[in-house]
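Notes follow once the structure below has been shown.
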Amino acid sequence: MIERILEPEVMDNEIEAYEYDEMDFTEVNTDFALLASKLSNDQATVLDVGCGPGRIPLILTDLRPKWHIIAIDLAEWIFQEDFDIYQKSPTDQFDFVKAKEGGLNLVFLAIFTSPRQAEEGISKEKSDFLINKVEKSLNKWQKEFKLIKSISEIDENDKDIIYVVFGMENGSPIEDKLDNLSFYLKKGVRYITLSHYKNNLICDSANDSVRTWNGLSEFGENVIKEMNRLGIMIDVSHVSDSTFYDIIKITEAPVIASHSGCRYFTPGFERNINDEMIIELAKTGGVVQIPFADFFLREDANRKFHQNEYEISKYLNENQIDPRSQYADDFENKYWLKNPIPKSSVKDVADHIDHIVKLVGVDYAGIGSDFNGVRKLFLTEKLKDCSEYPNLIYELLLRNYSDEDIKKIMGGNILRVWKEVEKIAENY
Ligand SMILES: [Zn+2]
C-alpha cells in the first residue's frame with residue numbers, strides 16, 4: 001500500500017532555491033488607489049498615512065487592533081539560542097518582525113508530534129520537550145511575547161506585545177490517560193487537533209487508508225467529554241468524517257476546524273470539510289479556519305499534488321529506496337520543482353471564506369494559515385508569511401466586507417469560541 005502523506009509537516013529540507021516573485025507593488029498600488037476611493041473619508045485618510053509602498057498592515061492595525069491566527073507550527077528560531085528577535089528569520093513564516101508587519105498580535109502555536117513518534121512511543125516526551133523549550137525561549141523575550149493560558153489574560157489595550165497560546169496538533173501525547181488532558185491544560189494548551197495523518201488511540205484520521213474505529217474510539221469519546229469539562233477546544237481538522245460526526249453528537253461546546261478548507265472546492269478531499277459538516281459545526285457555535293496552501297484551496301492543485309505524491313512514492317517503492325533517506329529527500333525536492341502544482345492566490349482564500357459566509361454566516365469563518373506547517377513551495381501567493389495578512393484584508397475589503405466582519409474573520413470568531421468553551425467549563 002502506498003502511503004500518502006498529506007501536508008508534509010516535518011520538513012527538514014526546505015526548497016530554498018524555489019522562490020516566487022516578490023509582491024508586485026505597482027499593481028497593488030493601483031488597486032490600492034481604487035480601494036481608497038471606495039472607502040469612506042475617515043478610512044481613506046487612515047489608509048493614506050504612512051502605508052508605504054503598497055502595504056496596508058500597520059495602518060489597519062489601528063482600525064482592527066486584534067487579529068489572531070491559529071495553527072502556526074513551531075518556528076525554527078525559537079530553538080536558536082542566539083537568535084536576534086529583531087531580524088527576520090530566513091526560513092520561518094512567523095517571527096516577531098513579520099508578525100509586527102502583518103499586524104498580528106495573538107498566535108496559537110501548535111505543539112506538533114508526528115504519527116511516527118506515536119509509533120515509537122515518544123509523543124508525550126517530545127511534546128513536553130517542545131512546550132518547555134518554547135516557555136524557556138519566550139522567557140528571554142518578555143517585552144515582545146507573552147505566553148498566556150486563559151483568554152482573561154489578554155489586555156485589549158496592549159498593542160505592543162504578541163500573545164502566544166499553545167495548541168496541540170495530534171492528540172497522541174495524551175496517550176491512553178485522561179489525566180494528561182489536565183496536565184496539558186495546566187501547561188496552557190487550549191485546543192487539541194485530535195489526530196494527524198494516521199489514526200491514533202482517540203480516533204480515525206481523514207488521511208489514513210484504513211479505519212480503525214469508524215470514528216471516535218471509546219477512549220476518544222471520553223477525551224471529548226473531558227475536553228468539554230476542562231475547557232480545551234476540540235479541533236476537527238485532520239479527523240475523518242465519521243470521527244467528525246461522532247464528535248458533533250457528544251460535544252457540549254463549540255468545535256473548531258483550525259486549518260481546513262471547504263471541500264466544495266476540492267471534491268473528494270476528506271481533509272477539507274464539506275458543506276453539511278460546515279452547517280453542523282456552525283450549529284455548535286464553532287469556526288472553520290482556512291489554511292493558505294494550494295492543495296487545500298484549488299481542485300487542480302489538489303489533483304496535481306496527489307498525482308506527484310503518488311509518482312514519488314511509486315518511484316521510491318519500485319527502486320526500494322528508504323523514504324527517510326537523504327536520496328529520497330533530494331529526489332522528492334527535485335520532483336516538486338520539475339512538476340509544480342497550480343498556484344493559489346489570495347482570491348482563492350477569500351473564495352473559501354465567502355463560501356462559509358454564504359452557507360452559515362460570517363460568525364463561523366476564520367483564517368488557519370498553517371504557516372510553518374506546509375512546504376514554503378505550496379503557500380498561497382501573497383500569503384507566504386505573517387507579514388502578508390494585509391493582502392487578505394485588502395481582498396476582503398474589495399469584496400465589501402465591513403470592518404466588523406473582517407475583525408471576526410481575522411480572529412474575533414476564534415476568540416468568541418475560546419471564551420465560550422472556557423465559560424462552559426466553568427459551569428460544568
Ligand atoms: Zn495540520
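The values are calculated or read from the model by the stated rules, or taken from the named source; none is laboratory data. As the structure is a computational prediction, the values presented were derived from the model and not from experiment. All Cβ positions, glycine included, derive from the backbone under ideal geometry; neighbour counts span all protein chains shown.
Descriptive notes on the structure:
- Test: residue in segment 94-105 that is over 20 Å from V255 (Cβ atoms), at pLDDT below 90, buried (at least 23 other Cβ atoms within 10 Å of the Cβ) and within 16 Å of the ligand (Cβ to nearest atom): yes
- The set of residues in segment 311-322 being of a type outside the set (F, W, Y), loosely packed, with under 15 Cβ neighbours inside 10 Å and touching a residue at least 12 places away in the same chain (Cβ under 8 Å) consists of E311, K314, N317.
- Residue check for D351: touching a helix residue (DSSP H, G or I) at 6+ places or on another chain (Cβ under 6 Å) and crowded, with 18+ Cβ neighbours inside 10 Å: no
- Selected residue (criterion: farthest from the ligand (Cβ to nearest atom)) from residues of segment 108-152 that are among the small types (G, A, S) and part of a helix (DSSP H, G or I): S152
- Unmet requirement for N207, which otherwise passes all of (1) more than 20 Å from the chain's Cα centre (by Cα); (2) surrounded by fewer than 23 Cβ atoms within 10 Å (Cβ to Cβ): (1)
- Across segment 278-307, the qualifying residues are those that are polar (S, T, N, Q) and touching a strand residue (DSSP E or B) at 6+ places or on another chain (Cβ under 6 Å), and the one among them that is surrounded by the most Cβ atoms within 10 Å (Cβ to Cβ) is Q289.
- Picking from residues in segment 153-180 that are away from the ligand (no atom under 16 Å from the Cβ), in contact (Cβ under 8 Å) with a residue 40 or more places away in the chain and not in a loop (DSSP other than H, G, I, E, B), the one that is farthest from K225 (Cα to Cα) is I162.
- The residue that is farthest from the ligand (Cβ to nearest atom), among those in segment 181-198 that are over 21 Å from V107 (Cβ atoms) and over 20 Å from the mean Cα position of the chain (by Cα), is S182.
- For segment 156-168, the tally of residues that are of a type outside the set (F, W, Y), crowded, with 16+ Cβ neighbours inside 10 Å and farther than 13 Å from D128 by Cα stands at 4.
- Here G366 qualifies as touching a residue at least 24 places away in the same chain (Cβ under 8 Å), within 16 Å of the ligand (Cβ to nearest atom), at negative phi and in contact with a Gly (Cβ under 8 Å, 6 or more places away or on another chain).
- Members of segment 354-374 found to be assigned to a loop (DSSP other than H, G, I, E, B) and surrounded by fewer than 19 Cβ atoms within 10 Å (Cβ to Cβ), listed by number: G361
- Of the strands (runs of 3 or more DSSP E) lying entirely inside segment 208-296, those carrying at least 1 residues that are of a type in the set (S, T, N, Q) and in contact with a Ser or Thr (Cβ under 9 Å, 6 or more places away or on another chain) are 287-291.
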